[in-house]
Amino acid sequence: MLSDAQRQEAAEAILGAERSHKVCPQPSTTWPGMTLEDAYDVQRRWANARIAQGARIIGRKIGLTSRAMQQASKMTEPDYGVILDDALFDDGARIPAGAFIRPRLEVELAFVMGQDLSGPGCRVHDVLRATEFVQPALEIIDYRTEVPRRIVDTIADNAAFGAMVLGGRTVRPFDVDLRWIGATLSQNGTIEETGVSAAVMGHPAAGLAWLVNKLAPLGDGLKAGDIVLGGSFTRPVDIRSGDVIFADFGALGAIGVSFA
């Protein structure tokens, strides 16, 4: 367990890495006894510092929702972070690649909440009932710490969230079978990844149910208007300046962005 001073030092190191675009040492290397509780508190301190600088929290992201990623991270459950308003892009955006350290891109679904939702005991049907609509999304992930990373390093680093792109067609959660949303991800005209949304814990809403139950002991939950990234159903693709990305979600439309 870290002291308050050590948690604050870890948060400031990640803030410094974000500003300088140079990775910092892993918190778990500096403090080998770091726990998950420490890591989420470091994340909270990082977020509070960004809010003090003018950013606003507009939602949450869920990571490590696939079994393969959990095994690679030696983790038995997902993790979560916050989404800030200054990291939101729309379909067609030209995104500065230099704003990130080593950006990678994933295909996801975004849930926009129509009602507050809290646990414990939240299930998939509760998530669907509280969701106003679902929309295609891309997540740019970016690590601010050195490798190799432990799960506590990723959590402290806001679950590696870099930015989010929204686009395509918005649908009501009961209008389509959300388990079978397929997508292809093209980079500079070549399809690099394909996936189906059932890869996210069997149902993309399952991650939101997990998150709501995880937040319940903290007296927290999801709020109406929150945007929640449910987790990737493709492997991440490395991004470089000059890349053109096109994600085709079939009946749900497409998202196209380029990187300057």
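Work from the charge dipole of segment 58-259 (Cβ charges, +1 for Lys and Arg, -1 for Asp and Glu, about the Cα centre) and give the residue of 244, 230, 218 farthest towards its positive end. Farthest along the dipole direction, towards plus: 218. If a helix is a whole DSSP H run, which ones in the chain reach 20 Å or further along their own axis (Cα) and hold a mean Kyte-Doolittle hydropathy of at least 1.0? Qualifying helices: none. Dipole of segment 1-49 computed with +1 at Lys/Arg Cβ and -1 at Asp/Glu Cβ about the Cα centre; of 8, 49, 32, farthest Cα towards the positive end is 49. The spacing between segment 198-260 and segment 93-109, judged by their C-alpha centroids, is 13 Å.
Considering only 254, 151, 117, the residue lying farthest towards the positive end of the dipole of segment 58-259 is 151, judged by Cα position with unit charges set on Cβ. Dividing the convex hull volume of the alpha carbon atoms of segment 88-148 by its residue count gives 147 Å³ per residue. Comparing 33, 162, 114 in a Gaussian network model of the chain (Cα springs below 10 Å), the most mobile by mean-square fluctuation is 33. About its Cα centre, the chain has a charge dipole of approximately 160 debye under the convention of +1 per Lys or Arg Cβ and -1 per Asp or Glu Cβ, with nothing else charged. For the chain, just say rounded, prolate or oblate: build the C-alpha gyration tensor, square-root its eigenvalues into a ≥ b ≥ c, call rounded for a/c under 1.5, and beyond that prolate if a/b exceeds b/c, oblate if not. Oblate, since a/c reaches 1.5 and b/c is not below a/b. Helical runs assigned H by DSSP (4 residues or longer) give the chain a calculated mean residue ellipticity at 222 nm of -7500 deg cm²/dmol, each run adding -39500 (n - 2.57) before division by the residue total.
Between 53, 43, 187, the GNM of the chain built on Cα springs shorter than 10 angstrom shows 53 fluctuating the most.
In the chain, what is the count of Lys pairs whose alpha carbons are under 24 Å apart, counting only pairs at least 8 residues apart or on separate chains? Count of close lysine pairs: 6.
Readers should treat all values here as calculations from the given coordinates under stated rules, not as data from a laboratory. Keep in mind that what you see is a predicted model, and the values were worked out from it rather than measured. Quick reminder, even Gly has a Cβ in these numbers, built from the backbone with ideal geometry, and neighbours come from all protein chains shown.
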